[in-house]
Amino acid sequence: MSHLLRLTHPIHLVGGLTLWGIWFVAIYGGLSVACTVAPPSPDRDALTGINVVLGVSTLGTAILLLWLTWACMKASRRTQVRRERFFALASAGIYLFSAGATLFVGYPVMFLPPCI
Amino acid sequence: MSESKDASLTPETRRLHEGLARVWANPRGLGALTVVNHTTLGLRFMATGAVFFLIGGLLAMLIRTQLAFPDNNFMSNETYNQVFTMHGTVMMFLFAIPILEGLAIYMIPKMIGARDLVCPRLTAFGYFCYLFGGIILTSSLFLDMAPNSGWFMYTPLSSGDYSPGSGSDFWLLGITFVEISALSAGVELVVSILRTRTEGMALHKMPLFAWYILAMALMIVVGFPPLILGSILLELARATGMPFFDPAGGGDPVLWAHLFWLFGHPEVYIIFLPGAGIVATLIPVFARRPIVGYGWVVAAIVIMGFVSFGLWVHHMFTLGIPQLATAFFSAASMLVAIPTGIQIFVWLSTLWLGRPVMSLPMLWILGFLVIFVLGGLTGVMLALVPFNWQVHDTHFVVAHMHYVLVGGMLFPLLAGLYYWLPQVSGRMPSERLGKWSFWLIFLGFNITFLIMHWTGLLGMRRRVFTYDTAMGWDIYNLISSVGGFMMAGGVALLILDVALHFRFGKPASQNPWNADGLEWAMPKPPTPYNFVSLPRLETRNPLWDAPELPRTILEGQHGLATIDHGRRETWGSDPLTGKLREVIHLPTNSWWPLLAALTLALVCISLLVRLYPLAAAATLVAVGFLLRWSWENGAHPKAAPDATVAPGQPPLHSRTMNGPGVWTMSVSHLANGSLYLSLLFGWFYLWTVAPEWQMPAASPLAWPLLVGAGVALTLGILLLAKLVRRLRRGHDASLGTGLFVVAILGALQSVLLIGTIWLAKLAPTESAHDATLLVALLYILIHALLGALLCLLQGLRVGYGFVGAEAPLEPVVVLRLWYYNLVVYWSLFVAIWVMPTVLGGTS
């Protein structure tokens, strides 16, 4: 199984988007549950505990994905095998897209109240 | 190029051709029903899909006739409801998906250098499920019982209270039946692409079309099960009154919307991706240069496949979801524009840097580019929540949807039709008729649907069967109807062109478009075995880099050029590198797929007419047929009793521990897991969101029985895994006995689960909690029974000598099922017993 962890393996083509998908489901599901269990007062703006948790998870996920982008780029430069370089570069692109997607989707937590 | 009669071939090569023709022969007459070959079945899929397209198109013409004039009484409102529901249903489920799957079934082995798909009997089974499901569903039109709740069957409109006839049942049962077909094709396409590419075709060298189909097939595997679950729940609700979607019983109608769109949005991309695959195949051929940015396209495909699963709520913006949640989905919906844009720019760059030649297929590609880009732009508009609210359920949405689907799927499909027609028939279509057909369809389409954007912006809601002239929509609707009939005229010309070309078309040369793809390296029309010999390939453009391939393949100069063994064979290769791993021996013609599908059709009809004992009996017979089918595998006399292979060749796949069967089981579990996760989603959704959900203070399930069942399952796995480890070392002593013991443990698990259900005294018709619990318990019970049954059969097969140290594959496949059961069982135990017990009985 250790070969799957190498950043030149094509499993990383889906790694970034899997992380993005888990984060996406978590923030949507978490938001729904939080709004059912402990909704903040409707008078409050975006600065609520829910938004802070969502924002932190967004930043954390984006940082992880950006690090993986960098690591894939490095792996692509290290390998001499064309196939491995191809997958490392493609994976880097997809990790980068996933990081951008995380920030873009998560950005509204800065200005929208969570449960209205 | 003519076959074995080719005078330049040596006598030895001619004997090889004759042997291949004998072993791969398709029977005629009644025996044609036993054919399992991908070429024949792919064509059957496409021909059947074309018939359903005509039915769906006829329904569209009825809709446009009704809407052409205000206050029109051409149809009653009830008939109109049935017509628009069936138009959407037929086009989405009986035309778009199956015809694209048919194309993939036909093309993929030819493009990747294989002789057939990896599970030929599954191809045949899938076709018959599609055919019978489609017939059952469309028969409702002639019985005046057609569904009338719209193609997405929203509850409560589709429930027993508001749709009391059989229409919704036809939809739910018919579509579920058809989806068996989609899933079976999805699974085998994934495994075939990953494991049967010809020698040397590494993953990053395979044709882009194969990447697109791989993504589509995986999306089918993951995306269809939520709808299958939703359909099962809704049919249970209609047949027995289980309140999954009834707020009074603790259910929630929005759960249906979630389950439907969890399927429905990816469905759009499932339809688009093969279309884009056709575009990515044709553009380099007509630009006369390799595609620009192959890696970019692969990345875009992967991104599109994933992101499309994160958009489903954008169909539900008006359901009262909090702004922040809608903002997430709005942003995710806009993101899809990025991979789409990458592909568009790659195609444009390829044309820009190439030396494009204009031809009939290219005309359709240009039509695609125009229409699809416009549809994509209105898609970004609809991703904006405030705009979406304004135009929701209006003709604007209908126009957008048709721009995306007709532009993204029909135009590329017709480009592909004209491109590959010579490959199928050996003749060229008429350029003149083809151009007339294109312009009629292109102009007719835009006249119909461009105008419909305005009709929608003026406030005309979809699904209204008539309108008052004071609304000011008259002229727009009339123009749309005229355009619709123009388009129908174009389709009629297209049919005429295709029909005439079989008789009058000019004979096609070996490679009429000077294409690069391997599918042009075979005789035309293709033989059932595709290639006489399987070449080693390390290029993305085989016929450009090695134009002699058609000849050398025909002369048997490459791999697997033997037939004395009498087996149907293709290469089994490494999914990443394309290095050879096995010789896959494929099953030959069989009645079992037809019999199994026929019996399932009987199940479907019995459920429709509510003859439940007959449905139960037919289910048992169907299971019997499927198991009998599985009996003819491995070392069975009808499969590969003799494991001898030519010197230097890898072993037969059934004599290894990692044959394609293991992959097929694993990919099937992706589908199964998706269904299970949808069920878990339903459980937690109702628990947290449904206003009247009642969680009892204490779980009604007896934990000692549940734990006992889990222990039996766990012990069974431990023993089965040990048996497989011993097999891996070449030891099969006591294998049969061990498998029987595992079967007994599976049976014990089943008995304990039945006891749990019996003692729980659930009231599934009164509470959504009990109904969901019952479905979850039945789900793991079915798996427990299946695990026990398969181990029992494996034990018997050891006794017959079909499984053992020499043929060790099958226990490995069954072990995958048991691992799946283990994960599902204990996670479900946590979800339905531990969590409610720990968190307590709150709603």
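Each reported figure results from applying straightforward, stated rules to the coordinates on display, with no laboratory input. All of these numbers come straight from a predicted model, not from anything done at the bench. As a convention, Cβ positions derive from the backbone with ideal geometry for all residues, glycine included, and neighbour counts pool all protein chains shown.
Explain nothing, just compute: Karplus ³J(HN,Hα) = 6.51 cos²θ - 1.76 cosθ + 1.60, θ = phi - 60°, for every residue of the range A:5-20 in order, whole Hz, x for Gly and Pro.
3J(HN,Hα) across the range A:5-20, in whole Hz: 7, 5, 6, 9, 7, x, 4, 6, 4, 9, x, x, 6, 5, 4, 4.
Roughly how many debye, to the nearest 20, is the charge dipole of the range B:694-843 about its Cα centre, given +1 on each Lys and Arg Cβ, -1 on each Asp and Glu Cβ, and no other charges?
Details: 8 positive and 5 negative charges, 99 e Å.
Magnitude of the dipole: close to 480 debye.
Taking neighbour counts of Cβ atoms within 10 Å as a proxy for exposure, in what order, fewest first, do B:TRP352, B:TRP818, B:TRP473, B:TRP629 appear?
Values: B:TRP352 11, B:TRP818 26, B:TRP473 22, B:TRP629 19.
Going from least to most buried by this count: B:TRP352, B:TRP629, B:TRP473, B:TRP818.
List every residue whose amide H lies under 5 Å from the amide H of B:GLU569, counting only residues 5 or more places away in sequence or on a different chain, with H placed 1.01 Å from N in the peptide plane.
Here the answer is B:LEU586, since their amide H atoms fall under 5 Å of that of B:GLU569.
Grab the DSSP H runs of chain B that are 4 residues or longer, score each as -39,500 (n - 2.57), total them, divide by all residues and round the 222 nm result to the nearest 500 deg cm²/dmol.
Working: 27 runs with 539 residues, N = 843.
The per-residue figure over chain B is -22000 deg cm²/dmol.
Using DSSP loop states and a limit of at most 16 other Cβ atoms within 10 Å to flag trypsin sites (Lys or Arg not before Pro), what is the longest stretch of chain A containing no flagged site?
On the way: sites that count: A:ARG6, A:ARG44.
Between exposed loop sites, the widest span is A:45-116.
Label chain B by shape, choosing from rounded, prolate and oblate, from the square roots a ≥ b ≥ c of the eigenvalues of the Cα gyration tensor; if a/c is under 1.5 it is rounded, and otherwise prolate applies when a/b is larger than b/c, oblate when it is not. Numbers along the way, then the final one.
On the way: a/c = 1.77, a/b = 1.01, b/c = 1.76.
Here chain B falls in the oblate category.
Going toward the positive end of the dipole of the range B:694-843, with +1 on Lys and Arg Cβ and -1 on Asp and Glu Cβ, which of B:GLY787, B:ALA702, B:TRP833 do you reach last?
Checking the options against the dipole of the range B:694-843, the answer is B:GLY787.
Report the charge-dipole magnitude of chain B in Debye, nearest 20, computed about the Cα centre from +1 at each Lys and Arg Cβ and -1 at each Asp and Glu Cβ.
Details: 45 positive and 41 negative charges, 397 e Å.
Taking the Cα centre of chain B as origin, the dipole is about 1900 debye.
Taking the alpha-carbon distance from A:LYS74 and a cut-off under 16 Å, which aspartates and glutamates remain once sequence neighbours fewer than 8 residues away in the same chain are dropped?
Here the aspartates and glutamates satisfying the reach criterion relative to A:LYS74 are A:GLU84.
Quick one: order B:SER359, B:SER666 by neighbouring beta-carbon count within 10 Å, fewest to most. Write down the numbers at each step before the final one.
On the way: B:SER359 19, B:SER666 16.
If I rank by nearby Cβ atoms, fewest first, I get B:SER666, B:SER359.
Starting from the Cα gyration tensor of the protein assembly as shown, take the square roots of the eigenvalues, sort them a ≥ b ≥ c, and report rounded, prolate or oblate (rounded when a/c is under 1.5, otherwise prolate if a/b is larger than b/c, else oblate). Present the calculation step by step, with values, prior to reporting the outcome.
Values: a/c = 1.39, a/b = 1.07, b/c = 1.30.
Here the protein assembly as shown falls in the rounded category.
Just to be sure I follow the rule: in chain B, considering lysines 8 or more places apart or on different chains, how many pairs have Cα atoms under 17 Å apart? Before the final figure, lay out the partial values.
Values: B:LYS5/B:LYS524; B:LYS110/B:LYS205; B:LYS110/B:LYS524; B:LYS205/B:LYS579; B:LYS435/B:LYS506; B:LYS506/B:LYS524.
Step by step, the pairs that qualify in chain B add up to 6.
Report the calculated FRET efficiency for B:ALA733 and B:GLU548 (r = Cβ-Cβ distance, R0 = 60 Å), to the nearest 0.05.
Working: r = 53 Å, r/R0 = 0.88.
It comes out at approximately 0.70.
For the protein assembly as shown, with the dipole built from +1 on Lys and Arg beta-carbon atoms and -1 on Asp and Glu ones, taken about the Cα centre, which of B:LEU194, B:VAL814, B:THR240 lies farthest toward the positive end?
The one lying farthest along the dipole's positive direction is B:LEU194.
Residue-wise, which Karplus ³J(HN,Hα) couplings in Hz belong to the range B:303-318, taking 6.51 cos²θ - 1.76 cosθ + 1.60, θ = phi - 60°, and x for glycine or proline?
4, 4, x, 6, 4, 4, 7, x, 10, 4, 6, 5, 7, 10, 4, 8
In what order do B:ILE321, B:ILE213, B:ILE112 fall by count of nearby beta-carbon atoms within 10 Å, going from fewest to most? Each step should come with its number before you reach the end.
Working: B:ILE321 18, B:ILE213 29, B:ILE112 26.
Final ranking by Cβ density, sparse to dense: B:ILE321, B:ILE112, B:ILE213.
Which ³J(HN,Hα) values, rounded to whole Hz and listed in residue order, are derived for the range B:770-779 from phi using the Karplus coefficients 6.51, -1.76 and 1.60 in 6.51 cos²θ - 1.76 cosθ + 1.60 with θ = phi - 60°, glycine and proline given as x?
5, 5, 5, 4, 4, 4, 5, 5, 5, 4
As I understand it, the value is the acute angle between the Cα axis of helix A:49-78 and the longest principal axis of the Cα atoms of chain A; what does it come to in degrees, rounded to 10?
10 degrees
Taking the Cα centre of the protein assembly as shown as origin and charging only Cβ (+1 Lys, Arg; -1 Asp, Glu), how large is the dipole, in debye to the nearest 20? Working shown, then result.
On the way: 53 positive and 44 negative charges, 555 e Å.
So the magnitude is around 2660 debye.
Which three semi-axes in whole Å describe the equivalent ellipsoid of the range B:694-843, each the square root of 5 times a Cα gyration tensor eigenvalue, listed largest first? Before the final figure, lay out the partial values.
On the way: eigenvalues 253, 35, 24 Å².
After diagonalising the Cα gyration tensor, the semi-axes are 36, 13, 11 Å.
Would you work out if the range B:338-427 is rounded, prolate or oblate? Take a ≥ b ≥ c from the square roots of the eigenvalues of the alpha-carbon gyration tensor; rounded if a/c is under 1.5, else prolate when a/b is larger than b/c, oblate otherwise.
Details: a/c = 3.70, a/b = 1.82, b/c = 2.03.
Note, shape of the range B:338-427 comes out oblate.
Residues with amide H under 5 Å of B:ARG427's amide H, sequence separation 5 or more or different chain, H placed in the peptide plane at 1.01 Å from N; which?
Close amide H contacts, sequence-distant or interchain: B:ALA508.
Around B:GLY559, which amide H atoms from residues at least 5 apart in sequence, or from another chain, sit under 5 Å from its own amide H, with H modelled in the peptide plane?
Amide H neighbours of B:GLY559, under 5 Å, 5+ apart: B:LEU534, B:ARG536.
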